[in-house]
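Input: a single structure, listed below in structure tokens.
Only the coordinates and a few stated rules stand behind these numbers; no lab work does. Being a predicted model, the structure only gives us computed values, none of them experimental. Here Cβ is always computed from backbone atoms with ideal geometry, including for glycine, and neighbour counts include all displayed protein chains.
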Amino acid sequence: ILSCLILTNGSHFPRYLCPVPPNATVVFEVEVLSVSKGPRTMEAFGRMDLDKDKSLSKAEVKEYLKLEYEKGGKSRDDPFYEKLIDDIFYKNDGDKDGVISAKEYNIYQHDEL
Ligand SMILES: [Ca+2]
Ligand SMILES: [Ca+2]
């Protein structure tokens, strides 16, 4: 188990390389997930957070959606984005203050998994 621990901490891969007790596997997977998903999640958040105030306003999410859709060659009209944003904020803005905080965004990402 000790050698497994070292392997797991050093890289994203070797969670299945060595046998571990059932309980330990869960812990390892959580650790591996938090390592491999965490930075990517926050990177996407940072890209959306244009004014870097660590929260996403509706305008920022809209900008991001527009960019993403235009990148895919499928630009949409405003009502389309508004509806999407309403849905996103309905699901993610847990305290209903009109912005998605980093914490709320992270919770959303985990739900998606
Ligand atoms: Ca912001
Ligand atoms: Ca909020």
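Answer rounded, prolate or oblate for the stretch 49-113, using the Cα gyration tensor with square roots of eigenvalues a ≥ b ≥ c: rounded when a/c is under 1.5, else prolate when a/b is larger than b/c, else oblate. Since a/c reaches 1.5 and a/b is larger than b/c, the shape of the stretch 49-113 is classed as prolate. Using the average count of surrounding beta-carbon atoms within 10 Å as a protection proxy, the listed peptides 85-96, 53-64, 70-81 rank, highest first, as 53-64, 85-96, 70-81. A Förster radius of 25 Å, combined with the Cβ-Cβ distance separating Glu82 from Arg47, puts the computed FRET efficiency at roughly 0.75. In order along the stretch 97-106, phi translates into HN-Hα couplings of 9, x, 9, 9, 6, 4, 5, 5, 5, 5 Hz, rounded to whole numbers, per the Karplus curve 6.51 cos²θ - 1.76 cosθ + 1.60 with θ = phi - 60° and x for Gly and Pro.
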